[in-house]
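The values are calculated or read from the model by the stated rules, or taken from the named source; none is laboratory data. Only a predicted model underlies this, so the values are computations on that prediction, with no experimental measurement involved. All Cβ positions, even for glycine, are placed from backbone atoms using ideal geometry, and neighbour counts span all protein chains on display. All accessible areas refer to the heavy atoms of the entire protein, side chains included, with ligands and DNA or RNA removed. Shrake-Rupley method; radii C 1.70, N 1.55, O 1.52, S 1.80 Å.
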Amino acid sequence: MLLEGGKRGAFENSEVPIVSILIVTYNAASVLPNCLESIYKQTYPNLEVIIIDGQSTDATIDILTHNSHRLNYWRSERDSGIYDAMNKALGYATGEWIYFIGADDTLYEGFSEMCYTLQNPNTVYYGRVLTLGGPTFPVSDYQFAKIGICHQAIIYPKSVFLNNYFNVNYRISADFAFNIPLYANSKYHFEFRDFLIAKFNHTGVSSTNIDERFEKDRSGMVIRNFSLWIWLRYQVWKLKKSSRTK
């Protein structure tokens, strides 16, 4: 059964772009209120909040209904997983910039500060995210091929999603798979901004599981989108990593 709600309408400040914050949920009642509160505390005026729920069976729908007056749109229906829901969310986003956050993650005030710096529509901006290992850092081409960029660190120009979606065949790492060719795309470039924008919760599915299909395909993605030297370094790192786990 489809359920939906939220408010549509004008934004507070026409002089700054709309940033769409997209959240996908499933049985997230224990963590979603904290995530939403961290968004409500932001000082950037033009934040559009869109939530796509996978037909939760806990109190998530009650939370969404209670927050309808503060959410721009929410929808609850069955989906085929996290990235199917993220693709759906993109269809409702009206912002010039797109940001994904997990229901168990939280935003810091640095997010608003970073939003004010968004300028170039051909730039994918990324900041710092607090993880168990500390704040994340700017990456080189090789580091990107090896570890990528934490998804909660990235604010995308909406144009990168025109006719491009997350590959739902990658159940856990479709964001990484999406970012690899984007990083190599000459139309766009990735630019680091030194703002601590979010706290990444390590209890989500991406932190507790391995996307075996993505890992199988990643070597081919690296050779197609990076230099031979980076691919060779990646192969050496992969071999060392494999030997440590045996």
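Looking only at segment 38-54, count every residue that is surrounded by fewer than 17 Cβ atoms within 10 Å (Cβ to Cβ) and out of contact with any Leu (no Cβ under 8 Å at 6 or more places or on another chain) and tell me the total.
So the first thing to find is which residues in segment 38-54 are surrounded by fewer than 17 Cβ atoms within 10 Å (Cβ to Cβ), and the list is 40-41, 43, 45.
Going one step further and asking which of them are out of contact with any Leu (no Cβ under 8 Å at 6 or more places or on another chain), we end up with 40, 43, 45.
So the answer is 3.
Pairs only if they're at least six apart or on different chains, beta carbon under 9 angstrom, first in segment 124-140 and within 15 Å of Y156 (Cα to Cα), second surrounded by 19 or more Cβ atoms within 10 Å (Cβ to Cβ) and among the hydroxyl-bearing types (S, T, Y); list them, first residue then second.
V124/Y156; V124/Y183; Y125/Y156; Y126/T136; G127/T136; R128/T136
Considering only residues of segment 78-90 that are at pLDDT below 95 and surrounded by fewer than 20 Cβ atoms within 10 Å (Cβ to Cβ), which is farthest from the chain's Cα centre (by Cα)?
R78
Just checking, does segment 65-77 include any residue being at positive phi and either crowded, with 19+ Cβ neighbours inside 10 Å or of a type outside the set (D, E, K, R) (or both)?
Initial filter on segment 65-77 (at positive phi): none.
Looking through segment 65-77, none of the residues is at positive phi and either crowded, with 19+ Cβ neighbours inside 10 Å or of a type outside the set (D, E, K, R) (or both).
Filter segment 144-171 down to residues that are hydrophobic (A, V, I, L, M, F, W, C) and under 17 Å from F200 (Cβ atoms) and give me whichever is surrounded by the most Cβ atoms within 10 Å (Cβ to Cβ).
Residues of segment 144-171 hydrophobic (A, V, I, L, M, F, W, C): 144-145, 147, 149-150, 153-155, 160-162, 166, 168.
The next check asks that each one be under 17 Å from F200 (Cβ atoms); those that pass are 147, 149-150, 153-155.
Numbers: I147: 12, I149: 23, C150: 19, A153: 27, I154: 21, I155: 24.
Step by step, filter segment 144-171, then rank; the result is A153.
Out of segment 91-109, which residues are buried (at least 19 other Cβ atoms within 10 Å of the Cβ) and among the small types (G, A, S)?
A93, G95, G102, A103
Looking at N120 and the list (1) open to solvent by less than 30 Å² (accessible area, probe 1.4 Å); (2) in contact with an Asp or Glu (Cβ under 9 Å, 6 or more places away or on another chain); (3) in a loop (DSSP other than H, G, I, E, B), which single condition is not satisfied?
Single failed check for N120: (1).
Any chance you could count how many residues in segment 8-21 are open to solvent by 50 Å² or more (accessible area, probe 1.4 Å) and either within 19 Å of I154 (Cβ to Cβ) or at pLDDT 80 or above (or both)?
Number satisfying all stated conditions: 1.
State which residue is modelled with the lowest pLDDT when the search covers only segment 140-164 and only residues that are touching a Phe, Trp or Tyr at 6+ places or on another chain (Cβ under 8 Å) and part of a loop (DSSP other than H, G, I, E, B). Write out each step before concluding.
Within segment 140-164, the first condition is being touching a Phe, Trp or Tyr at 6+ places or on another chain (Cβ under 8 Å), and the residues that meet it are 141-142, 144-146, 148-158, 160, 164.
Next, from what is left, pick out any that are part of a loop (DSSP other than H, G, I, E, B): 148-150, 164.
Numbers: G148: 95, I149: 97, C150: 95, N164: 92.
Per the criteria, the residue is N164.
Can you tell me which residue among A85, A59 is in contact (Cβ under 8 Å) with a residue 24 or more places away in the chain and out of contact with any Asp or Glu (no Cβ under 8 Å at 6 or more places or on another chain)? If you could, list the steps in order and put the result at the bottom.
Working: A85 fails: out of contact with any Asp or Glu (no Cβ under 8 Å at 6 or more places or on another chain).
Of A85, A59, the one residue that is in contact (Cβ under 8 Å) with a residue 24 or more places away in the chain and out of contact with any Asp or Glu (no Cβ under 8 Å at 6 or more places or on another chain) is A59.
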